[in-house]
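Undergrad: First, the structure itself, so that you have it in front of you.
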Amino acid sequence: MYVNFGGFVPVSTVDWHGRAACTVFLRGCPARCFYCHNVAIQDGEDIRDADEIIEMIRGSRMIAGAVVFSGGEPTMQGPALAYLAAAARRMGFSVGLHTNGIFPRVIETLIKERLVDMIALDIKTTWDRYDDLLKLPASNAVKQSLSACKSAKADGSLETCEIVVTLFRGHEAELPEIAKAAGDLDLVLQQGVAAGFAPFNLKELQALAAPLGRRLRIRTREDGEVIYDPLQ
Ligand code: SF4
């Protein structure tokens, strides 16, 4: 089995809330978000034997109890992702996935085969703007991924699922619809950072979260991750 490799971080405390994880970046992503921070691994090739990646994961065993697959878009390499996730499982790691949801069948398979414990699914904008933002017909696929995550969370086959919203100034009005789509899943509101946009600060994001009337987590560069709970 071969993997188009994007990078490896032996231990991270920011890729899985509350967990120390190693992070495997898989190269390649069909989307073209204007704010992408991993442009260098959107394309290109660095083909490695999957067993080489498995040894990297094994090397993190003493410091990390979980592995997170990120990218790029890891589900673009479905068979390799399943192979690596199964190997991580056998080594006793919990398995997390960061995904844009464009390949719902891969997500469904990982859930069905019990190869994933945590999914962080991006919902990037309102459904009517989705295809324009990503520059590809993605909205139905992401809806299908969201639905798979909700079902799996409800029936217990997925331990943790969070919806990640990256919010940019001028797009505040999209938040209520996205939060509604997330339903009961955990919600993470992330400060969008890109040229031409003054990033929201924590206070501004808290003010935007208030009308939602629900608990969520807010992520900014300046303050890290903060829990927002209207009942506290
Ligand atoms: S989906 Fe993620 S990796 Fe792909 S272009 Fe958008 S931000 Fe970058």
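Undergrad: Sort through PRO176, PRO199, PRO137 and tell me the only one that's touching a residue at least 12 places away in the same chain (Cβ under 8 Å), assigned to a loop (DSSP other than H, G, I, E, B), more than 16 Å from THR75 (Cα to Cα) and not aromatic (Phe, Trp, Tyr).
TA: Numbers: PRO176 fails: assigned to a loop (DSSP other than H, G, I, E, B); PRO137 fails: touching a residue at least 12 places away in the same chain (Cβ under 8 Å).
Result of the check over PRO176, PRO199, PRO137: PRO199.
Undergrad: Right, next: What are the residues in the range 190-232 that are touching a Gly at 6+ places or on another chain (Cβ under 9 Å) and at pLDDT 95 or above, if any?
TA: PRO199, PHE200, listed by residue number.
Undergrad: Say whether the condition of being within 16 Å of the ligand (Cβ to nearest atom), buried (at least 17 other Cβ atoms within 10 Å of the Cβ) and modelled with pLDDT of 95 or more is met by at least one residue in the range 47-60. Write out each step before concluding.
TA: Step one: of the range 47-60, the residues within 16 Å of the ligand (Cβ to nearest atom) are none.
Within the range 47-60, none of the residues are within 16 Å of the ligand (Cβ to nearest atom), buried (at least 17 other Cβ atoms within 10 Å of the Cβ) and modelled with pLDDT of 95 or more.
Undergrad: So, in the range 15-33, of the ones that are more than 16 Å from the ligand (Cβ to nearest atom) and part of a loop (DSSP other than H, G, I, E, B), which residue ends up surrounded by the most Cβ atoms within 10 Å (Cβ to Cβ)? Spell out the reasoning first.
TA: Filtering the range 15-33 for residues more than 16 Å from the ligand (Cβ to nearest atom) gives 16-22.
If we keep only those that are part of a loop (DSSP other than H, G, I, E, B) as well, we get 16-20.
Working: TRP16: 25, HIS17: 17, GLY18: 8, ARG19: 17, ALA20: 14.
Of everything passing the filter in the range 15-33, TRP16 is surrounded by the most Cβ atoms within 10 Å (Cβ to Cβ).
For (1) modelled with pLDDT under 95; (2) among the hydroxyl-bearing types (Ser, Thr, Tyr); (3) away from the ligand (no atom under 14 Å from the Cβ); (4) assigned to a loop (DSSP other than H, G, I, E, B), each residue gets a yes or a no:
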residue	(1), (2), (3), (4)
VAL11	no, no, yes, no
TYR35	yes, yes, no, yes
MET76	no, no, no, no
LEU84	no, no, yes, no
ALA87	no, no, yes, no
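Undergrad: Separate question: Can you go through LEU84, LEU110 and tell me which one is buried (at least 19 other Cβ atoms within 10 Å of the Cβ) and more than 16 Å from the chain's Cα centre (by Cα)? Talk me through it step by step, then tell me what you get.
TA: On the way: LEU110 fails: more than 16 Å from the chain's Cα centre (by Cα).
Exactly one of LEU84, LEU110 is buried (at least 19 other Cβ atoms within 10 Å of the Cβ) and more than 16 Å from the chain's Cα centre (by Cα), namely LEU84.
Undergrad: Could you please tell me which pairs satisfy a Cβ distance under 8 Å, a separation of 6+ or placement on different chains, a first residue in the range 22-38 that is more than 12 Å from HIS98 (Cα to Cα), and a second residue that is near the ligand (Cβ under 7 Å from one of its atoms) and part of a strand (DSSP E or B)?
TA: ARG27/GLY71; GLY28/GLY71; CYS29/GLY71; ASN38/GLY71
Undergrad: Oh, and also: Does ARG114 qualify as being assigned to a helix (DSSP H, G or I), modelled with pLDDT of 95 or more and away from the ligand (no atom under 16 Å from the Cβ)? Show your work before the answer.
TA: On the way: assigned to a helix (DSSP H, G or I): no; modelled with pLDDT of 95 or more: yes; away from the ligand (no atom under 16 Å from the Cβ): yes.
Spelling it out, it is not the case that ARG114 is assigned to a helix (DSSP H, G or I), modelled with pLDDT of 95 or more and away from the ligand (no atom under 16 Å from the Cβ).
Undergrad: Ok, one more. Which is without any contact (Cβ under 8 Å) to a residue 60 or more places away in the chain, over 25 Å from PHE25 (Cβ atoms) and either away from the ligand (no atom under 13 Å from the Cβ) or among the aliphatic types (A, V, I, L, M) (or both), of ARG105, ARG129? Give the derivation first.
TA: Details: ARG105 fails: over 25 Å from PHE25 (Cβ atoms).
ARG129 is the lone residue from the list that is without any contact (Cβ under 8 Å) to a residue 60 or more places away in the chain, over 25 Å from PHE25 (Cβ atoms) and either away from the ligand (no atom under 13 Å from the Cβ) or among the aliphatic types (A, V, I, L, M) (or both).
The values are calculated or read from the model by the stated rules, or taken from the named source; none is laboratory data. Worth saying up front: this structure is predicted, and the values here are computed from it rather than measured. Please note: Cβ atoms are built from the backbone with ideal geometry, for glycine as well, and neighbour counts cover all protein chains shown.
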